[in-house]
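Worksheet: one structure, shown below.
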Amino acid sequence: MIRKLWSEQRELLSYMLAVLIIAMSTYFVNYYNPSAVFWDENYHIASAQKYIGGVMYMEPHPPLGKLFIALGEVLVNPNEGKDLAYFLSTDYIKTFPQGYSFAGVRLFPTLFGALGGVLFFLILYRLGRHSEYAFFFSSLYLFANAFILQSRSAMLESTQMFFIFAAILYFLILFDKEQRKLCEHFILGLLIGLAVMVKVNGLILILLYPFLHFYRQTPLSLALHVKQFVLNGLALVAGLGAVAVFIFYLHFALGSTLGSNHYKASQEYQTILSEGKTASPANFGVMLRDNLVYMSDYSKGVPRYDACKKGENGSLAATWPFGNKSINYRWAKENGKVSYLYLQANPMIWFAVVLAMITAFALLLGRFIFGLHVSNQRLFYLIGIFSAMYASYMITMFNIERVMYLYHYFIALFFGTFVLYLLFHYIFEEAIRRDSKVLYWAVLIFVAEILYCFYLFAPFTYYQPLDTMEFYRRVWFSFWKLEPVL
């Protein structure tokens with residue numbers, strides 16, 4: 001028995017190591033190239049530099065993602081001796097010093113992107129309890145072109161997704177436990193809080209709590225049932241709140257001086273800055289209030305999606321599952337070819353998720369409308385959880401009036417990959433149990449198709465030059481809105 005357990009653990013560790021090596025190859029290698037800014041890096045690098053310079057700023061997103069960007073710059077320190085004073089006086093950097101290196105500011109987003117591959121594998125392992133198939137289906141993350149590109153930048157999505165995966169993995173650990181303690185709900189709240197402190201849309205993870213509570217619920221009186229729900233919920237909220245307070249406190253303490261932009265800070269806040277008392281807990285409420293007001297006002301000022309606007313990079317949430325609209329982050333001509341950074345979906349992954357969601361909703365409707373038999377209660381319940389998370393997130397996106405972009409789909413996309421993997425185990429449970437060779441080879445073919453699409457669209461991910469004909473060979477659908485530079 002001990003020998004068998006050791007063999008299983010060694011196999012699991014081997015696959016984890018393999019996933020990490022592949023993730024470091026696809027996400028991390030040459031992450032500092034191109035040595036040129038693109039998309040929201042202009043904003044986030046300016047914010048990160050203000051932490052280093054001790055200058056107060058306000059921003060529409062919570063602070064944690066920018067704190068990690070700043071930490072990478074401090075640790076690597078590749079721009080020592082360069083004059084970066086201009087960064088402290090602007091929220092959007094238009095010009096960078098000659099020879100500016102992005103190795104520092106992109107370090108943690110890229111590192112979180114790579115390490116996220118290991119968490120993704122462990123989530124799949126917890127879902128299906130099969131290390132080999134978890135490894136194969138990790139290709140859904142390891143070769144996701146659009147997410148790889150977004151991760152190799154001084155932006156926020158990969159940092160947030162790392163903490164989302166951490167929260168989901170811990171949720172799954174608790175999911176399979178008979179009894180769950182208050183402290184465990186507090187820890188889940190901490191992990192959810194870390195995701196929320198990167199971007200507020202991480203609040204979707206709050207939905208994990210009721211699903212966790214009602215699974216394997218011990219029969220109790222209504223009063224005890226409500227008491228348990230409330231107490232565990234309060235523990236989770238306390239964990240989330242503790243993270244929020246700590247991160248915002250750090251944000252205020254580091255921004256100890258007032259720069260050229262007051263960000264509509266109240267006179268109280270300006271007085272706190274002039275007296276150098278931003279680290280005082282007594283002033284926390286005033287500073288938090290001003291920051292939350294700024295975040296709210298900023299969001300109200302973001303323009304709406306305009307399909308008639310020339311060069312509109314935004315897209316409607318209903319079109320995201322099909323990869324609309326690819327965004328041209330950057331391009332450069334050289335020797336008759338053009339290098340692109342295009343936020344381009346790996347179509348094999350994205351279309352597989354579309355098919356999985358259609359199948360999952362059909363399965364759920366079949367159960368609740370027609371009373372179809374459930375062959376595996378645990379897998380069925382998990383399919384329901386992640387399908388509900390996917391649907392809830394997308395419905396929320398449908399109702400946001402400001403312009404939204406393709407990368408806002410990433411959270412739902414990975415919920416969808418979990419549904420896909422769960423469906424695989426649910427539908428082929430018996431074939432997996434008897435080690436079906438046909439199924440094994442079918443999975444290998446699926447992985448090979450993902451790899452082929454990754455390779456085909458890799459020039460858009462890694463800034464590799466293409467001529468016009470090579471570009472057009474990658475324009476599979478008009479709704480992707482891929483346009484070559486002529």
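The values are calculated or read from the model by the stated rules, or taken from the named source; none is laboratory data. What you are looking at is a predicted structure, and each value in this text was computed from that prediction instead of being measured. Every residue, glycine among them, receives a Cβ derived from its backbone with ideal geometry; neighbour counts consider all protein chains shown.
Is it the case that D40 is farther than 30 Å from R126 by Cβ, buried (at least 16 other Cβ atoms within 10 Å of the Cβ) and either of a type in the set (D, E, K, R) or more than 22 Å from the chain's Cα centre (by Cα) (or both)?
yes
Just wondering, is there one or more residues in region 325-343 that are part of a helix (DSSP H, G or I) and of a type in the set (S, T, N, Q)?
no
The conditions are (1) closer than 30 Å to S256 by Cα; (2) touching a Gly at 6+ places or on another chain (Cβ under 7 Å); (3) of a type outside the set (F, W, Y), and G99 fails exactly one of them. Which is it?
(2)
Identify all residues within region 88-120 that are under 15 Å from the mean Cα position of the chain (by Cα) and not hydroxyl-bearing (S, T, Y); write none if there are none.
Residues satisfying the conditions are F108, P109, L111, F112, G113, A114, L115, G116, G117, V118, L119, F120.
Given the criteria in a helix (DSSP H, G or I), farther than 18 Å from A134 by Cβ and free of Cβ contacts under 8 Å to residues at least 12 places away in the same chain, does M389 qualify?
Judged against the criteria, M389 is not a match.
Determine whether L250 is over 24 Å from L194 (Cα atoms), outside any loop (DSSP other than H, G, I, E, B), modelled with pLDDT of 85 or more and out of contact with any Lys or Arg (no Cβ under 6 Å at 6 or more places or on another chain).
no
Just to verify a result, which residue in region 306-335, among those that are of a type outside the set (S, T, N, Q) and under 15 Å from Y463 (Cα atoms), is farthest from the chain's Cα centre (by Cα)?
E334
Out of the residues in region 264-301 that are closer than 14 Å to M56 by Cα, among the charged types (D, E, K, R) and within 31 Å of the chain's Cα centre (by Cα), which is surrounded by the most Cβ atoms within 10 Å (Cβ to Cβ)?
It comes out as D290.
Go through (1) under 19 Å from F120 (Cα atoms); (2) surrounded by fewer than 19 Cβ atoms within 10 Å (Cβ to Cβ) for A442 and report which single condition fails.
Here A442 clears every test but (1).
Which one of these does L212 not meet: (1) out of contact with any Lys or Arg (no Cβ under 8 Å at 6 or more places or on another chain); (2) surrounded by 15 or more Cβ atoms within 10 Å (Cβ to Cβ)?
The failed condition is (1).
Per-residue answers, yes or no, for (1) out of contact with any Gly (no Cβ under 9 Å at 6 or more places or on another chain); (2) over 20 Å from Y340 (Cβ atoms); (3) crowded, with 24+ Cβ neighbours inside 10 Å; (4) at pLDDT 95 or above:
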position: F135; (1), (2), (3), (4): yes, yes, no, yes
position: L149; (1), (2), (3), (4): yes, no, yes, yes
position: Q160; (1), (2), (3), (4): no, yes, yes, yes
position: F165; (1), (2), (3), (4): no, yes, yes, yes
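Residues A235, A244: which one is surrounded by 16 or more Cβ atoms within 10 Å (Cβ to Cβ), touching a His at 6+ places or on another chain (Cβ under 7 Å) and in a helix (DSSP H, G or I)?
A235
Being of a type outside the set (A, V, I, L, M, F, W, C) and either surrounded by fewer than 18 Cβ atoms within 10 Å (Cβ to Cβ) or under 30 Å from L250 (Cβ atoms) (or both), is that true of even one residue in region 339-352?
Checking region 339-352: not a single residue is of a type outside the set (A, V, I, L, M, F, W, C) and either surrounded by fewer than 18 Cβ atoms within 10 Å (Cβ to Cβ) or under 30 Å from L250 (Cβ atoms) (or both).
Contact list please: Cβ distance under 9 Å, first residue in region 224-241 and free of Cβ contacts under 8 Å to residues at least 12 places away in the same chain, second residue part of a helix (DSSP H, G or I) and not hydrophobic (A, V, I, L, M, F, W, C), pairs at least six apart or on different chains.
Here the result reads L234/H185, each pair linking region 224-241 to a residue that is part of a helix (DSSP H, G or I) and not hydrophobic (A, V, I, L, M, F, W, C).
Please find, within region 215-232, the residue that is nearest to the chain's Cα centre (by Cα) out of those that are surrounded by 15 or more Cβ atoms within 10 Å (Cβ to Cβ) and in a helix (DSSP H, G or I).
N232
Report yes if G239 is closer than 30 Å to F87 by Cα and of a type in the set (G, A, S), otherwise no.
Answer is no for this residue.
State the number of residues belonging to region 267-311 that are in a loop (DSSP other than H, G, I, E, B), without any contact (Cβ under 8 Å) to a residue 12 or more places away in the chain and on the phi < 0 side of the Ramachandran plot.
7
So how many residues does region 390-427 have that are closer than 16 Å to A362 by Cα and of a type in the set (A, V, I, L, M)?
Residues in region 390-427 being closer than 16 Å to A362 by Cα and of a type in the set (A, V, I, L, M): 6 in total.
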